[in-house]
Amino acid sequence: MSLAQRVLLSYVFTLIFLIMVVLKLDGKVQWNWFLIFLPVWIVDAILILMLVIKMAGRCKPGYDPRNGSPDLRLRSWYLTATLLGLGFCLTLCAKLEKLAELKLSIVCIPLWAMMVGALLELGMNIFPERREV
């Protein structure tokens with residue numbers, strides 16, 4: 001999938017999600033919150049599938065890790081961040097549908113964990129390891 005196709009796909013799913021949220025908040029539709037978040041979960045499922053396939057490709061025989069692709073640590077961070085975002089969406093939908101009586105601070109724990117991980121990743125990119133020569 002080319003970059004232009006990925007960007008277009010992201011815009012379309014974001015637009016659909018925002019339209020569905022506005023319709024729900026205006027009271028025009030009585031849909032379930034899990035249905036409203038369906039475009040977000042479709043994008044997350046595509047990302048998870050792509051990451052798992054690329055990570056599994058490293059396990060095949062004859063793979064040369066020096067071909068310029070990001071290392072396994074970075075890909076595992078992407079997978080973890082996507083799963084944390086998915087966990088946040090699930091807990092938020094459960095709270096909005098009143099399936100569980102959760103405090104908002106509990107609902108936001110996956111989001112905060114993702115933000116802390118993103119800050120750590122940013123710090124590791126800004127201040128790379130210094131190798132002794």
Residues being farther than 14 Å from residue 35 by Cα and loosely packed, with under 12 Cβ neighbours inside 10 Å - total across the stretch 11-23: 2
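Can you tell me how many residues within the stretch 92-133 are acidic (Asp, Glu) and part of a helix (DSSP H, G or I)?
Step one: filter the stretch 92-133 for residues acidic (Asp, Glu), giving 97, 101, 121, 129, 132.
Imposing the further condition that a residue be part of a helix (DSSP H, G or I) reduces the set to 121.
Of the residues in the stretch 92-133, 1 are acidic (Asp, Glu) and part of a helix (DSSP H, G or I).
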All but one of (1) within 17 Å of the chain's Cα centre (by Cα); (2) within 21 Å of residue 78 (Cα to Cα) hold for residue 34, so report the exception by its number. (2)
Output for the stretch 1-39, where each listed residue is within 20 Å of residue 51 (Cα to Cα), in a loop (DSSP other than H, G, I, E, B) and among the small types (Gly, Ala, Ser): 2
Please identify the pairs in which a residue from the stretch 4-15 that is of a type in the set (D, E, K, R) has its Cβ atom under 6 Å from the Cβ atom of a residue that is surrounded by 10 or more Cβ atoms within 10 Å (Cβ to Cβ), counting only partners at least 6 apart or on another chain. none
Output the residue which, of all residues in the stretch 39-66 that are among the small types (Gly, Ala, Ser) and surrounded by 10 or more Cβ atoms within 10 Å (Cβ to Cβ), is modelled with the lowest pLDDT. 57
Mind checking whether some residue in the stretch 75-86 is exposed (fewer than 14 other Cβ atoms within 10 Å of the Cβ) and assigned to a loop (DSSP other than H, G, I, E, B)? no
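The values are calculated or read from the model by the stated rules, or taken from the named source; none is laboratory data. In this text the structure is predicted, and so the values were computed from the model without any measurement. Cβ: placed from backbone, ideal geometry, glycine included. Neighbour counts: every protein chain shown.
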